[in-house]
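The values are calculated or read from the model by the stated rules, or taken from the named source; none is laboratory data. Just so it is clear, the model here is predicted, and its values are computed rather than measured. Here the Cβ positions follow ideal geometry from the backbone for every residue, glycine too, while neighbour counts run over all protein chains shown. The area values use the complete protein model at the heavy-atom level, side chains included, leaving out ligands, DNA and RNA. Shrake-Rupley method; radii C 1.70, N 1.55, O 1.52, S 1.80 Å.
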Amino acid sequence: MNTNQKALELFEQNEYENALELFQQAVKESRNIQSLNNLAWMYSYEEEDDNQALVLIKEVIHMKPSSYFPYNLLGEINLRQKKWKLASDALSKSISIQPSMEAYQNLAVAKYYLEELEVASDNFLRAAGNSDVVMFYHVKCLIELEKKSEAKEKLDAFNEDADDFIGEVEVADLYVELGCFNEAIQWFEKGWKEYWKTPNWISRFVYALFKTKNITRINEVIEESILQKDEEIKSAHEEECDENWTEGDKETHIKQLLEEKNEYEYMVDRISSGHIPLMEFEPAITGACYLFGCKRHNHPDYQE
């Protein structure tokens with residue numbers, strides 16, 4: 001059993017510190033594609049140290065690896081560092097070697113921020129499942145591309161019983177983007193008792209209700225949201241402080257709660273005066289195990 005295999009075995013047994021030491025030892029023994037890639041993955045995923053991982057994975061790339069693993073990892077790191085073009089280049093190379101769902105989704109994220117919406121939309125679709133978050137991203141791109149009929153057709157097909165269903169409020173949000181306010185309200189209502197109430201999505205709900213002139217329901221939504229916030233404020237005042245929750249933490253938290261309550265109190269006035277609450281949208285990157293020799297994921301050792 002070589003050093004990399006021993007490191008992987010310890011990692012599988014959750015002996016993290018010992019595993020990391022052996023991954024480092026493997027690099028000292030031989031700075032090859034496998035040892036450098038695996039240590040870079042550990043730094044990125046386990047240590048959350050992308051800067052140190054980047055140095056190692058760039059060294060791997062200079063060796064022109066025949067595996068897509070290093071390119072996927074490089075793409076992810078560049079995405080986290082908001083280096084969209086570098087991410088796009090790395091992920092495109094990864095796909096040219098061997099397509100993967102992770103690379104398609106992450107390339108789509110890069111292309112979205114590069115404002116290449118057609119390419120982003122196509123790649124999100126390649127990685128999308130049934131009514132999941134990636135299909136949600138795809139539909140959002142279609143809306144931005146003004147392909148609203150296609151977007152609505154796909155949104156209408158979202159299934160709340162699907163295993164990876166994105167969620168009722170998220171579906172409602174896209175209907176608001178489409179200007180389909182009755183459908184949006186139906187989905188907001190489905191999520192009303194399931195979701196924690198926050199000013200952002202509540203404002204979108206109120207906006208849809210405003211557009212359909214449902215004043216009665218607006219008042220109910222605002223009243224219940226304020227009531228919940230009052231209960232949060234009361235609980236926050238009663239919460240005891242300790243070394244992990246200081247008086248300063250408590251004051252900051254209460255201030256935030258009061259600001260959110262204030263948003264509810266003035267929400268109707270703002271929307272009535274023409275304010276359109278914006279949808280919060282930030283497509284997420286994804287990742288996977290890119291460890292050469294990982295038995296759990298049936299990854300072979302790197303073949304030089």
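If you check Ser94, Ser131, Ser121, which single one turns out to be open to solvent by less than 10 Å² (accessible area, probe 1.4 Å), assigned to a helix (DSSP H, G or I), modelled with pLDDT of 95 or more and closer than 22 Å to Ala151 by Cβ?
Answer to the check: Ser121.
Checking Ser88 against (1) buried (at least 20 other Cβ atoms within 10 Å of the Cβ); (2) out of contact with any Lys or Arg (no Cβ under 8 Å at 6 or more places or on another chain); (3) touching a residue at least 12 places away in the same chain (Cβ under 8 Å), only one condition comes out false. Which one?
Here Ser88 meets the rest and fails (2).
Which of the residues that make up the range 69-85 are open to solvent by 50 Å² or more (accessible area, probe 1.4 Å) and charged (D, E, K, R)?
Correct list: Arg80, Lys82, Lys83, Lys85.
Are any of the residues in the range 180-188 open to solvent by less than 20 Å² (accessible area, probe 1.4 Å) and under 21 Å from Val268 (Cα atoms)?
Yes, the range 180-188 has at least one match.
Just the residues that are open to solvent by less than 20 Å² (accessible area, probe 1.4 Å) and either closer than 16 Å to Val55 by Cα or outside any helix (DSSP H, G or I) (or both), please, taken from the range 2-42.
Phe23, Val27, Ile33, Ser35, Leu36, Asn37, Asn38, Leu39, Ala40, Trp41, Met42 - these are the residues of the range 2-42 that are open to solvent by less than 20 Å² (accessible area, probe 1.4 Å) and either closer than 16 Å to Val55 by Cα or outside any helix (DSSP H, G or I) (or both).
Identify the single condition in (1) open to solvent by less than 50 Å² (accessible area, probe 1.4 Å); (2) basic (Lys, Arg); (3) free of Cβ contacts under 8 Å to residues at least 60 places away in the same chain that Lys140 does not satisfy, given that it satisfies every other one.
Unmet for Lys140, out of (1) open to solvent by less than 50 Å² (accessible area, probe 1.4 Å); (2) basic (Lys, Arg); (3) free of Cβ contacts under 8 Å to residues at least 60 places away in the same chain: (3).
If His275 passes every condition in (1) modelled with pLDDT of 95 or more; (2) within 29 Å of Leu125 (Cβ to Cβ) but one, which one does it miss?
It fails just one condition, (2).
Report whether or not Lys193 is more than 29 Å from Tyr113 (Cβ to Cβ), modelled with pLDDT under 95, open to solvent by 70 Å² or more (accessible area, probe 1.4 Å) and of a type in the set (Lys, Arg). Talk me through it step by step, then tell me what you get.
On the way: more than 29 Å from Tyr113 (Cβ to Cβ): yes; modelled with pLDDT under 95: yes; open to solvent by 70 Å² or more (accessible area, probe 1.4 Å): yes; of a type in the set (Lys, Arg): yes.
The answer is yes for Lys193.
Of the conditions (1) surrounded by 12 or more Cβ atoms within 10 Å (Cβ to Cβ); (2) under 26 Å from the mean Cα position of the chain (by Cα); (3) in a loop (DSSP other than H, G, I, E, B), Glu282 fails just one. Which one is it?
Only one criterion in (1) surrounded by 12 or more Cβ atoms within 10 Å (Cβ to Cβ); (2) under 26 Å from the mean Cα position of the chain (by Cα); (3) in a loop (DSSP other than H, G, I, E, B) is unmet by Glu282, namely (1).
Consider Asn244 carefully, then state whether it is out of contact with any Gly (no Cβ under 7 Å at 6 or more places or on another chain) and loosely packed, with under 11 Cβ neighbours inside 10 Å. Don't jump to the end; show me each part of the working.
Numbers: out of contact with any Gly (no Cβ under 7 Å at 6 or more places or on another chain): yes; loosely packed, with under 11 Cβ neighbours inside 10 Å: yes.
Yes.
Under 6 Å by Cβ, and 6 or more places apart or on different chains, what pairs join a residue from the range 209-228 that is touching a residue at least 40 places away in the same chain (Cβ under 8 Å) with one that is crowded, with 16+ Cβ neighbours inside 10 Å and of a type in the set (Val, Ile, Thr)?
As it stands, the answer is Phe210/Ile271; Ile218/Val206, since those pairs meet every condition given.
May I ask you to verify whether Asn200 is under 25 Å from the mean Cα position of the chain (by Cα), open to solvent by 40 Å² or more (accessible area, probe 1.4 Å) and either closer than 24 Å to Gly179 by Cβ or polar (S, T, N, Q) (or both)? Before you say what the answer is, go through the steps one by one.
On the way: under 25 Å from the mean Cα position of the chain (by Cα): yes; open to solvent by 40 Å² or more (accessible area, probe 1.4 Å): yes; either closer than 24 Å to Gly179 by Cβ or polar (S, T, N, Q) (or both): yes.
Here the answer is yes, as Asn200 does meet what is asked.
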